[in-house]
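Data first, discussion second: the structure below is written as structure tokens.
The values are calculated or read from the model by the stated rules, or taken from the named source; none is laboratory data. Fair warning: this is a prediction, and the values are worked out from it, not measured in the lab. A quick note on method: Cβ atoms are made from the backbone with ideal geometry, for glycine too, and the neighbour counts reach across all protein chains shown. Calculation scope for accessible area: heavy atoms of the full protein, side chains included, ligands and nucleic acids excluded. Shrake-Rupley method; radii C 1.70, N 1.55, O 1.52, S 1.80 Å.
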2 protein chains.
Amino acid sequence: METLRERKKQRTREALLRSALELFTTQGYEQTTVDEIAEAVDVSQRTFFRYFAGKEEAALALTEMTVARFVEAVRARPPHEAPMEALRQAVLEGWYSINEVVESVAPIELYLRMCRVIESTPVLLAAHLRRSVEIEETIAQVLAEREGLDVDADPRPRVAVAVFSSVMRVTERQWSLGEDFSLEAIRALTSRYLDQVGPALLGNWRTA
Amino acid sequence: METLRERKKQRTREALLRSALELFTTQGYEQTTVDEIAEAVDVSQRTFFRYFAGKEEAALALTEMTVARFVEAVRARPPHEAPMEALRQAVLEGWYSINEVVESVAPIELYLRMCRVIESTPVLLAAHLRRSVEIEETIAQVLAEREGLDVDADPRPRVAVAVFSSVMRVTERQWSLGEDFSLEAIRALTSRYLDQVGPALLGNWRTA
DNA sequence: TGTCAATTGTCAGCGGCTGTCACTAGCCTC
DNA sequence: GAGGCTAGTGACAGCCGCTGACAATTGACA
């Protein structure tokens, strides 16, 4: 059982996060000031910065949760699976279990709307991409360990992860630009784009 | 022949850029204030912002020049080349001609040092990555046109470009973390990592 | 040389973010 | 259950990136 203090803290954090997401998705990220968020929860601006390192961190908090889940999923894949297949399965798992990951903080619908805000707000997209390369490094190490390789000696783990996550990026982007914002849509796109990695590398597209 | 005004403007811009790069690479990006840069050139802070949209833009200016060159190189590749091969050749061309691109503004050595500052400064790395995905979109369209495809109907152009540029990212990073900061080193890494794309996708690394 | 337009400096101000310090409220002990 | 202790908060001051507005300066061109 948590202490009252801890419960209060958690409630404040979640209130701040919810208000922030609500404001970001309705009036836009840049248009929302930290003062506004703090005021909505009736705390001082200073308090906001005690819970989040910056406005960005609040905006990316949900994504961060799903990413953590993805990393765990990769770790949990059976070791006999080929590396790329493990990644593919982990991502698809992620899209299926996203509901239970996010719903404790916000409805999935808010999550999906926030994804599009991130994609369409330059500074957020930049932060998101940067975070992604950090994750890539983590995943590369996981893969290397799985396969009993040295990440620094063998380029394959990093290359494979880079290839994989770049395709995920394209997928995200196409999803956010499309008209179907459902989870089914993103799952379908994921498979479709991953299947194109092979063909995209083949010599001449015109003869295919 | 340019007018005096234009020459003066250009000189101011270059002076600002040079001072900025010099300060960034010596004392770090975050530690350098815009006031400092402006003062070094003896102009007002306001003037700095008339030449650069922000501190970031100054920091990424050199990179931007080389990127523009790369895009041109891709456009100029002979149409019979396979897509991935065209990209590979364009990048290698870029590394060979980088000297003449950059030297009008700063010595290559400064460029290389700045690359590492970008790689090691979170906010700069983020901006750099964001810019990269913009370029990816451009390149994807170039490729699609070359091959007579519709970018939105066929996933291959975007997937191929994403794969390619993610490998370039890994290369950059490894180069900036390594000990050999020469151009030869980055050329060698480029080829080495690109050659690993195929093997990295193959099923089982343990048997290879 | 005088007029016009482009460039610049100055000033005021906003928003993100941080350090400091005093104050409050939950916790824990006697 | 009264006391001290400490985590959490609010209030304030201040830095830095960045912008708008307006006045002053400087090159262009007749």
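Values for this structure:
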| item | result |
| --- | --- |
| The range A:1-36: number of residues that are closer than 15 Å to A:T47 by Cβ, within 11 Å of DNA strand C (Cβ to nearest atom) and open to solvent by 30 Å² or more (accessible area, probe 1.4 Å) | 6 |
| The range A:155-164, residues that are at the interface with chain B (Cβ under 7 Å from one of its Cβ atoms) and under 21 Å from A:H128 (Cα atoms) | A:R158, A:V159, A:A160, A:A162, A:V163 |
| Where a residue in the range A:112-131 is in contact (Cβ under 8 Å) with a residue 12 or more places away in the chain and its partner, wherever it lies, is of a type in the set (K, R), with Cβ under 8 Å and at least six apart | A:E119/A:R173; A:L129/A:R169; A:L129/B:R130 |
| Hey, B:A68 under 28 Å from B:V34 (Cβ atoms), surrounded by fewer than 16 Cβ atoms within 10 Å (Cβ to Cβ) and among the hydrophobic types (A, V, I, L, M, F, W, C) or not | yes |
| Condition check for B:L124: out of contact with any Lys or Arg (no Cβ under 8 Å at 6 or more places or on another chain), open to solvent by less than 20 Å² (accessible area, probe 1.4 Å) and modelled with pLDDT of 95 or more | yes |
| Scope the range B:2-48; condition near DNA strand D (Cβ under 8 Å from one of its atoms) and either among the polar types (S, T, N, Q) or assigned by TED's automatic domain parsing to the domain that holds B:V105 (or both); matching residues | B:T3, B:T32, B:T33, B:Q45 |
| Output for the range B:127-144, where each listed residue is open to solvent by less than 60 Å² (accessible area, probe 1.4 Å) and away from chain A (no Cβ under 11 Å) | B:I135, B:T138, B:I139, B:V142 |
| Within the range A:175-208, tally of residues that are facing chain B (nearest Cβ under 8 Å), open to solvent by less than 60 Å² (accessible area, probe 1.4 Å) and closer than 18 Å to A:W95 by Cα | 1 |
| Number of the exception - A:P107 against (1) closer than 25 Å to B:V151 by Cα; (2) more than 9 Å from chain B (Cβ to nearest Cβ) | (1) |
| Given (1) out of contact with any Ser or Thr (no Cβ under 7 Å at 6 or more places or on another chain); (2) farther than 15 Å from B:V74 by Cβ, number of the condition B:S166 does not satisfy | (1) |
| Those helices (runs of 4 or more DSSP H) lying entirely in the range A:109-208 with at least 1 residues over 25 Å from A:E56 (Cα atoms), in the same structural domain as A:A61 (by TED's automatic domain parsing) and polar (S, T, N, Q) | A:122-147, A:183-195 |
| Qualifying residue in the range A:145-153 (condition: facing chain B (nearest Cβ under 9 Å), closer than 27 Å to B:S191 by Cβ, open to solvent by 30 Å² or more (accessible area, probe 1.4 Å) and of a type in the set (G, A, S)) | yes |
| Failed item in (1) out of contact with any Lys or Arg (no Cβ under 7 Å at 6 or more places or on another chain); (2) within 11 Å of chain A (Cβ to nearest Cβ), with B:C115 passing the rest | (2) |
| Selection from the range B:71-108 of residues that are open to solvent by 70 Å² or more (accessible area, probe 1.4 Å), assigned to a loop (DSSP other than H, G, I, E, B) and either closer than 21 Å to B:A185 by Cα or free of Cβ contacts under 8 Å to residues at least 60 places away in the same chain (or both) | B:H80, B:E103, B:S104, B:P107 |
| Filter pass, B:A58 being under 26 Å from B:I135 (Cα atoms) and exposed (fewer than 15 other Cβ atoms within 10 Å of the Cβ) | no |
